[in-house]
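For reference, the structure is listed below as structure tokens.
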Amino acid sequence: MGAEWPLAASLRQEEPPLSLVRWVPAFCCSVRDLERPLGDAVADGLDELLLGIEGPIVAAPGDDTSPSAAPLNLEDSETDLGQLVDWLSTPCRCGLFLSTAVIERLAREFGVPRGFGNRRRLLRALIEGGSRYDGLEGVLKSITELAGRHRSLLGTTYGSSPLLEQATRSWRDRLSASQELLREAAELFVSRDRN
């Protein structure tokens, strides 16, 4: 078996590859964010599959990125919303995948123009629009809460399996670091906007 398999090919295998435990739990959290019955059913099925996998943990790609290291230096006057967008649009760094559907839902919720383009562009439009339309604090708080839900879901869904608990630890650590960063960013950027 190869080191990495696309999900569809992995699901066709008699025994799913161990590599699934490294990224499918985070994928399931993002699928659940869609709040659709089909997405929930897919995530439930994948959770059941994952909980049946046994084996030793193999280091995940990107595990060398320390989740405890400060993702951005918010004290640096050069740090701006664009750098925050870059952080948040890189799931292996921040621990969170913000789908287009979730970004669009947040834009509607906070009355921010939706924007157009790829996911990174939409996220940039959401955060910059939140700053322009006095909704930045709410946008950042909602993303912080979403990261908290992912962290909690990873712990409760997979905590009963030593393999999955260990496999999801780096995701939970990254989500925790992102929550802290987002709280700090909300304080810093919102106070900059008000001044």
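Just so you know, all these numbers are worked out from the coordinates, no wet-lab data involved. Please read all numbers here as calculations on a predicted model, not as lab measurements. No Cβ is skipped: glycine too gets one built from the backbone with ideal geometry, and neighbour counts run over all protein chains shown.
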Checklist entry - Can you list the GluC sites (Glu not before Pro) in region 72-105 that are in a DSSP coil and have 16 or fewer other beta carbons within 10 angstrom? => result 75, 78
Checklist outcome for this item: For the chain, the helices passing both cut-offs (Cα extent along own axis of 24 Å or more, Kyte-Doolittle mean at least -0.5, full DSSP H runs) are 136-158
Checklist entry - Which value in deg cm²/dmol, rounded to the nearest 500, describes the helix-derived mean residue ellipticity at 222 nm for the chain, given -39,500 (n - 2.57) per DSSP H run of n ≥ 4 and division by the residue count? => result -21000 deg cm²/dmol
Checklist entry - Using a simple charge model, +1 on the beta-carbon of Lys and Arg, -1 on the beta-carbon of Asp and Glu, nothing else, what dipole does the chain show about its Cα centre, in debye to the nearest 20? => result 520
Item to check | Debye equation applied to the C-alpha atoms of region 115-195, log10 I(q)/I(0) at 0.13, 0.22, 0.25 Å⁻¹ | outcome: -0.51, -0.97, -1.09
Next on the checklist: How high is the relative contact order of the chain? Use alpha-carbon pairs under 8 Å, at least six apart in sequence, and give a whole percent.
Outcome noted: 24
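When N is the residue count of the chain, what does its C-alpha Rg come to as a fraction of 2.2 N^0.38 Å?
1.08
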Item to check | Whole-number percent relative contact order across region 132-192, with pairs defined as alpha carbons under 8 Å at least 6 apart | outcome: 50
Checklist outcome for this item: Of all stretches in the chain that avoid chymotrypsin sites (Phe, Trp or Tyr not before Pro) placed in a DSSP loop and having at most 16 other Cβ atoms within 10 Å, the longest is 1-115
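How would you rank 29-37, 142-150, highest first, on the average number of other Cβ atoms within 10 Å across their residues?
Most protected by this proxy first, the peptides run 142-150, 29-37.
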